[in-house]
Amino acid sequence: MTPIGLDFDNTLIAYDAVFRAAAIARGLIPAAFTGTKQEIRDAIRLLPDGERAWQSLQGHVYGSGIGGARLFDGADRFLRRCRREGVAVCVVSHKTEYGHFDPARVNLRAAALDWMDRQGFFAAEGFGIARENVYFEATRAEKLARIAALGCRLFIDDLAEVLSDPDFPPATTRLLFTDRTPDDLPYKALSSWPQIEREVFDDAA
């Protein structure tokens, strides 16, 4: 069976709480700020030298701060069902090796793999995903080429710009994971992993 492909950052792994805590600790947002990662990003970019501050924060969160991130609710059940029903899963992510402006030079790919290992991604009694089925690509173009090369029958991503890219493989079904209402997309947008599970496994509503 051809595999299902999954994005990693902000699709499987939720960073909102980590971004918020780290941004407050750096004095980039007030302690009472309660927004999402995207709202945190938008607020920081308005600051003097805000783009550099945001990229530095990303390097920290995706690297040494990743231990505070969590799996999205329902993603564990989805991955266990894939294992139980013999559905092959590949993780394909646009992820550089090192974050911008990160003085610690933490390898972001190694940090992600360590986090996945702790969550049971590679354990036979966990999600049972082969480590070699995790692909970190340096550019979006390489990510799209990998999805095509793997022959993914379906791909789930949180970024519409990835799924709507003209080079996205046309034979692959696209699902957007988002809690926002997108405008007239030619593919489905779902806001939770239980919804994704019902869609992928064609469960009755």
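Before moving on, here are some points about what is shown:
- For the stretch 89-106, putting each phi into the Karplus relation 6.51 cos²θ - 1.76 cosθ + 1.60 with θ = phi - 60° gives couplings of 10, 10, 9, 10, 10, 7, 8, 6, 6, 10, x, 5, 6, 9, x, 6, 6, 6 Hz, in residue order, rounded to whole numbers and with x for Gly and Pro.
- In sequence order, the stretch 188-196 has phi-based couplings of 7, 10, 10, 9, 8, 6, x, 5, 4 Hz under the Karplus curve 6.51 cos²θ - 1.76 cosθ + 1.60, θ = phi - 60°, and Gly or Pro positions carry x.
- Answer label for mean projected area of the Cα convex hull in nm² (calculated), chosen among (i) 14.8; (ii) 12.2; (iii) 11.3: (ii)
- Estimated inter-spin distance, ALA110 and ARG70, nm [label 7 Å along Cα→Cβ]: 2.9 nm
- Annotation for the stretch 1-69: trypsin sites (Lys or Arg not before Pro) lying in DSSP loop with at most 16 further Cβ atoms inside 10 Å of their Cβ are ARG26.
- For the stretch 101-182, trypsin sites (Lys or Arg not before Pro) are listed when DSSP marks them as loop and at most 13 other Cβ atoms sit within 10 Å of their Cβ; the list is ARG105, ARG180.
- Net charge of neighbours whose Cβ lies under 12 Å from the Cβ of HIS100, counting Lys and Arg as +1 and Asp and Glu as -1: -1
- Each of ALA148 and ARG131 was given a label point 7 Å from its Cα along the Cα-to-Cβ line. The distance between the two points is 3.0 nm.
- Put a dot 7 Å past the Cα of ILE24, heading toward its Cβ, do the same for ARG52, and the two dots end up 2.7 nm apart.
- Within the stretch 1-40, chymotrypsin sites (Phe, Trp or Tyr not before Pro) in DSSP loop having at most 14 other beta-carbon neighbours inside 10 Å: PHE33
Throughout, read-outs are computed from the coordinates displayed, never taken from laboratory work. Keep in mind the model is a prediction, meaning the values are calculated, not measured. We place every Cβ from the backbone using ideal geometry, glycine too, and count neighbours over all the protein chains shown.
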